[in-house]
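Reviewing the structure listed below.
The values are calculated or read from the model by the stated rules, or taken from the named source; none is laboratory data. The structure displayed is predicted, hence computed values, not measured ones. Neighbour counts are summed over all protein chains in view; Cβ atoms, including those assigned to glycine, are modelled from backbone coordinates with ideal geometry. Each accessible area value is taken on the protein alone, full model and side chains, heavy atoms only, with ligands, DNA and RNA left out. Shrake-Rupley method; radii C 1.70, N 1.55, O 1.52, S 1.80 Å.
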Amino acid sequence: MILLTDIGKSHGTRAVLSGITARFPRQSLTSIIGPNGAGKSTLLMLIARLAEPGSGRITLGGADIARISRAEYARRVATLRQFPAIELRLTVEELVAFGRFPHNRGRPTAEDRRATDEAIAFLSLDTIRKARLDELSGGQRQMAFLAMTIAQQTHCLLLDEPLNNLDMRHALRIMQALRSLCDDLGRTVVAVIHDINFAANHSDQIIALKDGRLHSSGTVDQVVTEAGLRDLYGLDFHILPRPHGRLCDYFTPKGEAG
Amino acid sequence: MTGRATFALTAFGLALLALAFVLQGAAADPVWLIPRRLMKLAAMIVGGCAVALSSISFQTVAGNRILTPAVMGYEAVYLLLQSVLVVTLGASGLTLWGGSGGFLLSILFMLGYSLTLDRWLFRDGRADLWMLMLVGLVLTMVIGTVTQFLQLRISPGEFAIFQSAAQISFERVEPWRLLVSTILFCVICLAGWRGLPALDVLALGRDQAMSLGIDHRRAVRRLLMLIAVLVAVSTSLIGPTAFMGIFVANLAYALAPGAGHRLTLPMGCAIAVGMFLLAQLMVERLFDYRTTVGILVNLACGVWFLALMLRQRSMI
């Protein structure tokens, strides 16, 4: 479990995050939502140790993450940033094998090859495993990077807008893969998600940020309410119950729909 | 494994070139010619490998394929140091200091410059390419102007000595300097060997490298230190190489597409040494010493650099 206590972070004099206290339970999928500039990515970067918090404490399984060595942390937490480098001329297979670096420090064993194969199979990338990254579409490339993160075989995965720029089919495939990581493999997944419908239908827990502060958090039922979302985004929402979830409609604000 | 095959082919061609260089017309006076040529060959190997290794690893650290230590002003710093030495110590001082003292001093200067770059430009690992290029350009110009200003204050004789330090040449290689350079070069290679797999991970970018468990700040600082010593070795041994690093690195990437540093680094070394050999052979046989290795190499690599900038303008 990841526990954040009173986290603050500022760029210069501008506070990006302040007073964030939250917990990410084990084996659950937590979505971080909120409007642009709310500090979602920054919060994720702090948990990933790609940046240092100005104040507060982050613990992983009770231990302060700042005290864990970076090499050890990479065996427990895997991170996928937005817009990863794309000019790489690696094949999908070679990229995914990088996920084993924290375990083998560049000297792959049979075990590493097995983990690489598993990650590729998990996302059904077998058909493109020999393809070069610069020949792939954005969606396929995103899947390849996710496969690398999965091959890292960490208990916890942090994903910064994994659905960015993806078509519906790829987005759904990634969301289902994340769901399966939690349910079938017992991993803890934290993802920054912009699409409220994906967040509402696939998460166990949602954390909503606004202006660098915690707006609301809890189960989907607690956070995804018409009043809550209206306050969070400044938009009118209709939440329509569906047999297998719910649909948050903000496309036609009141009065404008025919 | 086409990359490996290409490397084998390159290495084979290189061996032939080296053989041709050492043996061409050596029958005239083998006892005198062959040891001298072997020494030149050794200088080409150490210098060329230092240029290739420093350029390729610098490009990995900087995350692009245009910047090299030479573009970032390392060699300008070296030349500045040389002119300061000439001005303060005079020609005799340079020949005296140009020995062990000047060599150690230039290594110290390069290390200092590397630390400064690390502190100001790679601080948060998000150095902007255009910013880096601009800084490199301005630094090279400023240091060049200062160097020229200093040169106006020295006598023609001293200037000639400085001038010889400012051009690629294998003629001025002295045995002891070659020995020290070779030892330093081997030490750096041994030190860098352990970090070779990490270099591939660094190529994925700062964030990805950090999430894969690399202490990015420490890794970059360590690499920049190693690069500084390599540049000091190559510059003091054979002179400033300007655009050659870019040429060598990009040709290595092109010949071994998508390969890790385990292949691109030796490939770059082979290309650099091969280029020196070819240029030296051309100077000796084709141009009859009416041109210099530096002019040939810089001409070829300068044209390549321009072409690369024009072709990749949209990519970088």
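Numbers for the structure displayed
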{"quantity": "D_trans [Stokes-Einstein, Kirkwood Rh over alpha-carbon pairs] for the range A:1-82, 37 °C, 0.692 mPa s, µm² s⁻¹", "calculated": "247"}
{"quantity": "Helical segments meeting 27 Å axial Cα length and Kyte-Doolittle 0.5 threshold in chain A (DSSP H)", "calculated": "none"}
{"quantity": "Solvent-accessible surface ranking, highest first, for A:Asp221, A:Asp117, A:Asp64 at 1.4 angstrom", "calculated": "A:Asp221, A:Asp117, A:Asp64"}
{"quantity": "Cα gyration tensor shape for the range B:146-212, rounded if a/c is under 1.5, else prolate or oblate", "calculated": "oblate"}
{"quantity": "Cβ-derived FRET efficiency at R0 45 Å, A:Thr5 paired with B:Cys186, nearest 0.05", "calculated": "0.30"}
{"quantity": "Loop sites in the range A:162-258: chymotrypsin sites (Phe, Trp or Tyr not before Pro), DSSP, at most 12 other Cβ within 10 Å", "calculated": "A:Phe251"}
{"quantity": "Under the Karplus curve 6.51 cos²θ - 1.76 cosθ + 1.60, θ = phi - 60°, whole-Hz ³J(HN,Hα) for the range A:17-24, x wherever Gly or Pro sits", "calculated": "9, 8, x, 8, 10, 7, 10, 10"}
{"quantity": "A:Leu247 long-range amide H proximity, modeled H, under 5 Å", "calculated": "A:Leu240, A:Arg242"}
{"quantity": "J(HN,Hα) series, the range B:19-34, from Karplus relation 6.51 cos²θ - 1.76 cosθ + 1.60, nearest Hz, glycine and proline x", "calculated": "4, 4, 4, 6, 9, 4, x, 6, 4, 4, 8, x, 5, 8, 6, 5"}
{"quantity": "Within straight-line cross-link reach of B:Lys40, aspartates and glutamates at Cα separation under 17 Å, skipping those fewer than 8 residues along the same chain", "calculated": "B:Asp29, B:Glu171, B:Glu174, B:Glu284"}
{"quantity": "At 0.890 mPa s and 25 °C, Stokes diffusion of chain B via Kirkwood alpha-carbon radius, µm² per second", "calculated": "122"}
{"quantity": "Cα shape, the range A:107-258, gyration tensor, a/c 1.5 rule", "calculated": "prolate"}
{"quantity": "Amide H contacts under 5 Å for A:Leu157, placed H, 5+ residues apart", "calculated": "A:Ala78, A:Thr188, A:Val189, A:Val190"}
{"quantity": "Candidates A:Leu157, A:Leu123, A:Leu17: whichever shows maximal mean-square fluctuation once chain A is modelled as a Gaussian network with Cα springs under 10 Å", "calculated": "A:Leu123"}
{"quantity": "Globularity ratio of the protein assembly as shown, using Cα Rg and 2.2 N^0.38 Å", "calculated": "1.16"}
{"quantity": "Gyration tensor verdict on chain A (Cα atoms; rounded if a/c is under 1.5, prolate if a/b is larger than b/c, oblate otherwise)", "calculated": "oblate"}
